[in-house]
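**Q** Here it is, the structure in full.
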Amino acid sequence: MQRPWPGLIGAVAVLLMACGAARAQYQGGGADWDTTAREFRNGGTGGLPSVPRNGSVEELSRILSASQLSPANRSFYLSLRAFVFSRMGREADSQKDVAEMVRINPQGWPVMMWLTMPALAGGGDRGAALRSLAYGLERKPNDPWLLIAQGQVQMQIADFTDALATLDRAVAAAASPAERRPAHYFRGHANLALGNYAQAIRDFDAAIEGQTVLRGRLVGLLWRYAAQVRARQDARAALIRDVGTENLAEWPGPIVRFLIGRLPAGELEVAAESDDEAKRSNGKCLAAYFIGMDAARRGDRQRAREQFQLAQARCPTVSEVNWAASNELKRL
């Protein structure tokens, strides 16, 4: 019998917690998702299905044998099995599962691979995730969702140069706001990592373009702040201008309040541990990073180093906050 893969459960648990701050940015607060993306967020499937207790091919095959699975749920489990097959070296079987995803969920399968593969890669086998995504790109070359996922995995292994090239393709291929926003958002992170601060600022601005609800803009504004700090621009003034008199009580609003001088660091740390949304999205991770960026803006290298190290420890490797903290430590 095929041995279980314990890392599957932990990796997908990260996915089910929202795959880091990025997805929250264009999911939350009125972001203009298309119908395909909304299906997996809160549509008729009730969100992503449960993760099997056993990561084996046998368990996944047993689940897939159920006739009542919706196309979205079936494509979820097929994506897991495609990854496990690739991890086992059974590439032909992995390709068959990707082909089956295409057949049963012709509109939504690239979004599903975007939702699953970067999180599965975080379990430790980025090669299997990249191979699975490559099989998807063979079926649908230049699909923006698949390219975004590929870029995310490349950034997990600190391959920011290749990630930037991949995400350039994703931006070029994106045909709707729902595709353009995450493509620009993750390209912004590749540019930030490579020190292309002006380009990163433009990407984060593009990621929130057209967003009319504050919650849908806040994460993009926060990352633009980070890029502006490194570009030696007046990041605080730009943030004050763009949030105006908005109510910043809802997470991650307290981070913004801290950065513009309206909340002490200690109170931000309390909010990161007590706010319900912060607890769901690992707010302590994001808070530590931006406390570090505030210290970097003020020239307090020791405080910045401490907070970036804390962010590294708190943030999973699938998270763009982890990558950014690691790069900031190299700059100090």
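Only the coordinates and a few stated rules stand behind these numbers; no lab work does. What you see is a predicted model; the values in this text were computed from it and never measured. We place every Cβ from the backbone using ideal geometry, glycine too, and count neighbours over all the protein chains shown.
**Q** Evaluate the distance, in nm, between pseudo-label points positioned 7 Å from the Cα of Ala172 and of Arg241 along their respective Cα→Cβ axes.
**A** 3.2
**Q** What residue among Val321, Pro254, Ala272 has its Cα farthest toward the positive end of the dipole of the stretch 247-332, where the charges are +1 on Lys, Arg and -1 on Asp, Glu, each on the Cβ?
**A** Highest projection toward the positive end goes to Val321.
**Q** Could you give log10 I(q)/I(0) at q = 0.13, 0.19, 0.21, 0.24 Å⁻¹ for the stretch 201-284, computed by the Debye formula over C-alpha point scatterers of equal weight, without solvent?
**A** Normalising to I(0) and taking log10 leaves -0.40, -0.85, -1.02, -1.25.
**Q** Separate question: Going by the alpha-carbon gyration tensor, a ≥ b ≥ c the square roots of its eigenvalues, is the stretch 247-332 rounded (a/c under 1.5) or, if a/c is not under 1.5, prolate (a/b greater than b/c) versus oblate?
**A** Details: a/c = 2.21, a/b = 1.25, b/c = 1.76.
Oblate shape, in that a/c is at least 1.5 and b/c is the bigger or equal ratio.
**Q** For labels at Arg301 and Gln68 in the simple 7 Å Cα→Cβ model, what's the distance in nm?
**A** Those two pseudo-labels are separated by 6.3 nm.
**Q** Something else: May I ask you to give the average projected area over all directions of the convex hull of the Cα atoms of the stretch 156-237, in nm² rounded to one decimal? All intermediate terms of the calculation are to be shown ahead of the outcome.
**A** On the way: hull surface 21.7 nm².
Convex hull of Cα atoms, orientation-averaged projection: 5.4 nm².
**Q** Net charge near Ala325, counting Lys/Arg +1 and Asp/Glu -1 over other residues with Cβ under 12 Å of its Cβ?
**A** Details: positive: Arg305, Arg314, Lys330, Arg331; negative: Glu306, Glu320, Glu328.
Taking every other residue near Ala325 into account, the sum is +1.
**Q** Let me ask something additional. When Lys and Arg each count +1 and Asp and Glu each count -1, what net charge do the other residues less than 13 Å away from Leu214, Cβ to Cβ, add up to? Display every interim value, and only then the final one.
**A** Numbers: positive: Arg215, Arg217, Arg257; negative: Asp242, Glu246, Glu250.
Taking every other residue near Leu214 into account, the sum is 0.
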